[in-house]
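The structure appears below as structure tokens.
We did not get these values from a lab; they are worked out from the coordinates using the rules stated. Quantities reported herein were computed from a predicted structural model and do not represent experimental measurements. As a convention, Cβ positions derive from the backbone with ideal geometry for all residues, glycine included, and neighbour counts pool all protein chains shown.
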Amino acid sequence: MECSGKKWVIRQGARKEAMLIGEYRHILDDKKRVALPASFRKELGKQVVVTRGLDNCLFVYSLAEWHKVADKLSGLSMGQADTRGFNRFMLAGAVSVEVDALGRILIPDFLKEFAGLRDRLVIVGVQVRLEIWNEKRWKEYTAKIEQQADILAEKLGEVGVF
């Protein structure tokens, strides 16, 4: 792993995978568009998939990463109500959107309402996806997680992460 500007790049043989990380403040314009951080645009490509995320944020995937997610979801048992429900949550809420020449994407109304997006947003890189948050919700969420960081670290230590 090495740092390349604002991105960390994982080197596996001759292949490299970009890791989307960082926190960026942005504005949702009057036409419901948001500019993706410039450092992520190359990895995401000219078309992305935006869907409902967990914790009332939006998930943004490159097409390649979205296909991986959709494949995993399609492999879940349709016999279980919870997996059917989660498939519907993720897949029915997904839209493919073009990234314009200025790096902006259009957020559909139903996703804007789901995430409570107003004018001030936070875009967070979470390894293979971006998350788009209402700024106030992001502040509340991070405050809660920061208070629990030691407990979370201990749990992750039990499974060998730390």
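About the Cα centre, and with charges only on the beta carbon of Lys, Arg (+1) and Asp, Glu (-1), how big is the dipole of region 2-135? Nearest 20 debye, please.
Dipole about the Cα centre, nearest 20: 320 debye.
For region 125-140, putting each phi into the Karplus relation 6.51 cos²θ - 1.76 cosθ + 1.60 with θ = phi - 60° gives couplings of x, 10, 6, 10, 9, 9, 10, 10, 10, 5, 4, 5, 4, 5, 4, 5 Hz, in residue order, rounded to whole numbers and with x for Gly and Pro. Over 29 Å apart at the Cα level, from the set Lys46/Lys155; Lys46/Lys112; Lys72/Lys136; Lys42/Lys112, are Lys46/Lys155; Lys72/Lys136. In region 25-89, a dipole from Cβ-located charges (positive for Lys and Arg, negative for Asp and Glu) runs towards its positive end, and of Pro37, Phe86, Ser74 it is Pro37 whose Cα lies farthest in that direction. When its C-alpha radius of gyration is set against 2.2 N^0.38 Å (N residues), the chain gives a value of 1.10. Amide hydrogen proximity for Arg129: with H placed 1.01 Å from N in the peptide plane, the residues at 5 or more positions away or on another chain lying under 5 Å are Leu20.
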